[in-house]
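The values are calculated or read from the model by the stated rules, or taken from the named source; none is laboratory data. Bear in mind that the values here come from a model prediction, so they are computed numbers and not experimental data. Note that each Cβ is placed from the backbone with ideal geometry, even for glycine, and that neighbours are counted across all protein chains shown. These accessible areas exclude ligands, DNA and RNA; they are computed on the full protein's heavy atoms, side chains included. Shrake-Rupley method; radii C 1.70, N 1.55, O 1.52, S 1.80 Å.
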Amino acid sequence: MSFSHSEDKDMMIALRLLQMMVGAGASIEEAMKSVADSGLGVVSKSFSGIIERSIDGGDISSEIKVEQGNVKYKPLKKLLSILDMGIASGGSLGEGLLNLANMLDAEEKIKRKSFLKKIALASDVLTYVSMFSVVVIIFYLMSDMMQYGAFSITLISHETVQSLLMFSVLVYVLIMLYIKLNDRGKMS
């Protein structure tokens, strides 16, 4: 499984670590402490805050609920909800963590497929633009070769060729820019 952004990678590592530790008999608090100490970005930061506040006198379940209200990253909200339910039910997390991991994996696959479809569409458009440019150049060269003394045939003017080729370059640049922006924006 390959994830594009580190938040998603961190979340998957945290899920697997929680599954492994709880499956081996560790308490939810111990597993959360391990994730907090693992340097997994926003997940570790969130867990660290929960643990610190619970050590300062708060109940871990209520601290998870408070953190859940403060978090904007949806998979982390779901994880916190699963942890809260696990604490309420006496520690059974395995199925919930596995379901969340599978859901995140499926979402990532859908994102990749969507991105690949956009790349394929952009490739098709670029192919048509390239073919159009070649045809324009051929017509220009043909008209350039049809010079017979005082008599000449102009199929396409030099200015029209320049305009059409600049249009082709502009389309190419816009498509590449669209792909770059889509790669950054949609995969997060």
Gly69, sole failed condition from (1) of a type outside the set (Ser, Thr, Tyr); (2) part of a helix (DSSP H, G or I); (3) at pLDDT below 80:
(3)
Residue list for segment 29-54, filter: surrounded by 14 or more Cβ atoms within 10 Å (Cβ to Cβ) and either in contact with a Ser or Thr (Cβ under 8 Å, 6 or more places away or on another chain) or at positive phi (or both)
Glu29, Val35, Ala36, Ser38, Gly41, Ser44
Return a yes/no flag: does segment 44-52 have any residue that is farther than 22 Å from Asn99 by Cβ, more than 27 Å from the chain's Cα centre (by Cα) and modelled with pLDDT under 85.
no
Verdict on Gly58 being open to solvent by less than 40 Å² (accessible area, probe 1.4 Å) and free of Cβ contacts under 8 Å to residues at least 12 places away in the same chain
yes
Just one of the numbered conditions (1) under 25 Å from Ser89 (Cβ atoms); (2) in a helix (DSSP H, G or I); (3) open to solvent by less than 40 Å² (accessible area, probe 1.4 Å) is not true of Ala26; which one?
(2)
